[in-house]
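S.K.: Handing you a structure now.
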Amino acid sequence: MTAEEVVGRLESGMTIGIGGWGSRRKPMALVRALLRSDLSDLTVVSYGGPDVGLLAAAGKVRKLVAAFVTLDSVPLEPHFGAARQSGAVELVELDEAMVMWGLTAAAQRLPFMPVRAGLGSDVMSVNPELRTVTSPYDDREQFVAVPALRLDAALVHLNRADAHGNGQYLGPDPYFDDLFCEAADAAYLSCERIVETSELLKDSGPQSLLVKRAFVDGVVETPNGAHFTSCSPDYDRDETFQRAYVTAARDPEAWRAFAERFLSGDEDAYQAAVAAFHEEEA
């Protein structure tokens, strides 16, 4: 598929899960395609990074379910910070493990998962709708009942995939992308390169085959598609570009110029603009 074909299957008001972690291996080409669409009123579930920031800045997010929204080397994503301060985005703030177990519950088609994460913390205070359950066994231990984070669609990015939807990561961390796909009614996988199925085992062992074809509805080949986040070992985070992004995000006029230069065209135009930016920096 193309990124535009993926977005064409989505609808306003959907709950969209976005894989990756902070400013690491985000499906940014798919996010940029979302920015070019007229979709809105989205609920986004994410270990948030610039995916959340860009969608919030474009007014496409109504509700966010997340443990954090960070650019890693920049602690707080600036567009997200502005959206929270203005009250533009409703936030369901969960512990990192609670997001994982919420996705796990959805993947297993369970209504909730009992977990210890969150007990004794203010996550229970800021989410008064959360409930606790008591073990039915002799221990009678109390747990948080984390509700399933069921997704209408999931967007993830991996290093390699075949045309059937088997996805492979080659970096140090899977970032729960498999859970996002399994928790969704439909999942779309972008990748740096589509290869033959037999080639997936040449770069790494079978444990690197993270996403299974049974949980994928479409595959998009989009080289550099995680930019400006990292996609190790194919490329690191583009810190120079990320600094320019953060600087522009803090000033409305500068952001309009940034968006016009980098986000007004299609993905090819974006990649060309980034290349020109680095030539200027050099």
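S.K.: Just one of (1) crowded, with 17+ Cβ neighbours inside 10 Å; (2) out of contact with any strand residue (DSSP E or B) (no Cβ under 6 Å at 6 or more places or on another chain); (3) not aliphatic (A, V, I, L, M) trips up Gly81, so point out which.
M.R.: (1)
S.K.: So, of the residues in the range 146-168 that are in contact with a helix residue (DSSP H, G or I) (Cβ under 6 Å, 6 or more places away or on another chain) and part of a loop (DSSP other than H, G, I, E, B), which turns out to be surrounded by the most Cβ atoms within 10 Å (Cβ to Cβ)?
M.R.: So, considering only residues that are in contact with a helix residue (DSSP H, G or I) (Cβ under 6 Å, 6 or more places away or on another chain) and part of a loop (DSSP other than H, G, I, E, B), the one surrounded by the most Cβ atoms within 10 Å (Cβ to Cβ) is Leu149.
S.K.: Residue by residue through the range 244-282, note down the ones that are exposed (fewer than 14 other Cβ atoms within 10 Å of the Cβ), of a type in the set (D, E, K, R) and without any contact (Cβ under 8 Å) to a residue 24 or more places away in the chain.
M.R.: Selection gives Asp251, Glu253, Arg256, Glu260, Asp268, Glu279, Glu280.
S.K.: Any residue that is touching a His at 6+ places or on another chain (Cβ under 8 Å) and part of a helix (DSSP H, G or I) - is there at least one of those in the range 216-239?
M.R.: Looking for residues that are touching a His at 6+ places or on another chain (Cβ under 8 Å) and part of a helix (DSSP H, G or I), one finds none in the range 216-239, hence no.
S.K.: Right, something else. The conditions are (1) surrounded by fewer than 18 Cβ atoms within 10 Å (Cβ to Cβ); (2) under 24 Å from Arg213 (Cβ atoms), and Glu141 fails exactly one of them. Which is it?
M.R.: (2)
S.K.: Another question, if that's okay. Can you work out which of the residues in the range 169-194 that are under 14 Å from the mean Cα position of the chain (by Cα) and over 18 Å from Thr229 (Cα atoms) is surrounded by the fewest Cβ atoms within 10 Å (Cβ to Cβ)?
M.R.: Result: Asp178.
S.K.: Is the range 249-267 home to any residue that is closer than 30 Å to His164 by Cα, charged (D, E, K, R) and at pLDDT 95 or above?
M.R.: Checked against the condition, which is being closer than 30 Å to His164 by Cα, charged (D, E, K, R) and at pLDDT 95 or above, the range 249-267 yields at least one hit.
S.K.: Go through the range 96-127 and count every residue that is assigned to a helix (DSSP H, G or I) and either within 17 Å of Ile16 (Cα to Cα) or in contact (Cβ under 8 Å) with a residue 12 or more places away in the chain (or both).
M.R.: Looking only at that region, the number is 15.
S.K.: Residue check: is Asp51 modelled with pLDDT of 95 or more, surrounded by fewer than 23 Cβ atoms within 10 Å (Cβ to Cβ) and of a type in the set (D, E, K, R)? Let's see the steps before the verdict.
M.R.: Details: modelled with pLDDT of 95 or more: yes; surrounded by fewer than 23 Cβ atoms within 10 Å (Cβ to Cβ): no; of a type in the set (D, E, K, R): yes.
For Asp51, the condition - modelled with pLDDT of 95 or more, surrounded by fewer than 23 Cβ atoms within 10 Å (Cβ to Cβ) and of a type in the set (D, E, K, R) - is not met.
S.K.: Taking the condition in contact with a Pro (Cβ under 7 Å, 6 or more places away or on another chain), within 30 Å of Gly218 (Cα to Cα) and not β-branched (Val, Ile, Thr), does Gly102 pass?
M.R.: yes
The values are calculated or read from the model by the stated rules, or taken from the named source; none is laboratory data. The structure presented is a predicted model; accordingly, all values stated were derived computationally and were not measured. Virtual Cβ from ideal backbone geometry, glycine too; neighbours counted across all protein chains shown.
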